[in-house]
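Structure record follows, encoded as structure tokens.
The values are calculated or read from the model by the stated rules, or taken from the named source; none is laboratory data. Being a predicted model, the structure only gives us computed values, none of them experimental. Cβ atoms come from the backbone with ideal geometry, glycine included; neighbour counts cover every protein chain shown. Note: areas computed on protein heavy atoms with side chains; ligands, DNA, RNA excluded. Shrake-Rupley method; radii C 1.70, N 1.55, O 1.52, S 1.80 Å.
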Amino acid sequence: MEIGIVGKPNVGKSSLLNKIIGQERAIVSEIPGTTRDAVDTRMEYEGNLITLIDTAGIRRRGRIDPGVEKYSVIRSMRAIERADVALLLIDATTGVTSQDAHIAGYILESWKSTVVVVNKWDAIIKDTYTMDSFTQHVRKELKFLDYVPVLFISAKTGQRVNQVIPISLKVQEERLVRLSTSQLNKVLHQAQDRQPPPSYKGRQLRFYYATQVRSDPPTFLLYVNDPKIAHFSYIRYLENRLREAYPYIGTPIRIVLKPRK
Ligand SMILES: Nc1nc2c(ncn2[C@@H]2O[C@H](COP(=O)(O)OP(=O)(O)OP(=O)(O)O)[C@@H](O)[C@H]2O)c(=O)[nH]1
Ligand SMILES: [Mg+2]
């Protein structure tokens, strides 16, 4: 599997990569990136072949010029496109910034899985509540990633770095899970009974049956009377009910509506 390490400049991407390689007694080989933007590192972890993609840093002299931020997002995008799971690094000392949200948006658009990794956890003053309140901050700023695990690490001291690969593998495993058609329909019909779709322009959405047409990412086809009268919030509601049946940790769920012939 491919794990992309993405995030704004200076967040600690290369430090994390180096720490992972240094900590895991893994077979590691560095292969030149397919573009100059990325450095690929291959490793084996408990029988899994993993490629870590580090978004290359940008050479800069002195202060950051205005083009750098935008360009680093483009570099992250390329790493995301090649990845199954993206590690979105957040700097604990700055909190979630608009640039982080921008990269998160791109991960979502690409239907890739995510682990939010809050780095530089050593560098802030903490008490027993800090992790909870930082998690809430992440949930608030990255609203649409509410199914994503959040990990607090220090690439400098190595704190919890050993959890990064296991969590990524877990997320990838969930990404490939298929629900049976009967299980899927049971969940969706129960959801519909519990909360029927709201009517739109005097018409009500009717849902007939569903199938999972693919995994990677999990994609569900729902046959309905008319896709045009489905409301976004109702699709979100169905997605949440599906996640109660199976959490799909870190992975986006795709729901596609089709008119029943
Ligand atoms: N205190 C602290 N500093 C860190 C940590 N991780 C990285 N740093 C420091 O942050 C700076 C940037 O680290 P890099 O690993 O080069 O960051 P990067 O994301 O690869 O940066 P670019 O490749 O330029 O985008 C360095 O000075 C690191 O020593 C951490 O966990 N704690
Ligand atoms: Mg770097």
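Rounded to the nearest 0.05, the FRET efficiency derived from the C-beta distance between residue 213 and residue 193 at R0 = 25 Å is 0.55. Given their separation in residues at 0.36 nm each and the Cα-Cα distance between them, residue 181 and residue 108 gain 23.7 nm when the chain is fully extended. Modelled label positions at residue 159 and residue 240, each set 7 Å beyond Cα in the direction of Cβ, lie 3.3 nm from each other.
For residue 178, no residue 5 or more places off, or on another chain, has a built amide H under 5 Å of its own.
Accessible area per residue for the stretch 163-261 is 54 Å², calculated with a 1.4 Å probe on protein heavy atoms, without ligands, DNA or RNA.
Between the listed residues 190, 171, 200, the Cα displaced farthest toward the positive end of the dipole of the stretch 148-211, a dipole computed from Cβ unit charges relative to the Cα centre, is found at 200.
Evaluated with a Cβ-only charge set (Lys, Arg +1; Asp, Glu -1), the stretch 124-261 carries a dipole of roughly 580 debye about its Cα centre, given to the nearest 20. Helix 232-245 and the longest principal axis of the Cα set of the chain meet at an angle near 80°.
A cut-off of 5 Å between modelled amide H atoms, ignoring neighbours fewer than 5 places along the same chain, links residue 226 with 206. Annotation for residue 128 and residue 226: the two label points, set 7 Å from Cα along the Cα-Cβ direction, are 5.7 nm apart. Rounded to the nearest 20, the size of the Cβ-charge dipole of the chain about its Cα centre is 900 debye, with Lys and Arg at +1 and Asp and Glu at -1. For the stretch 4-13, putting each phi into the Karplus relation 6.51 cos²θ - 1.76 cosθ + 1.60 with θ = phi - 60° gives couplings of x, 9, 10, x, 5, x, 6, 6, x, 4 Hz, in residue order, rounded to whole numbers and with x for Gly and Pro.
Computing FRET efficiency as 1/(1 + (r/R0)^6) for residue 23 and residue 260, where r is the C-beta to C-beta distance and R0 is 45 Å, gives about 0.30.
Here the Karplus curve 6.51 cos²θ - 1.76 cosθ + 1.60, taken at θ = phi - 60°, turns the phi angles of the stretch 212-229 into couplings of 8, 8, 7, 10, 6, x, x, 10, 10, 9, 10, 8, 10, 5, 7, x, 5, 9 Hz, with x standing for Gly and Pro.
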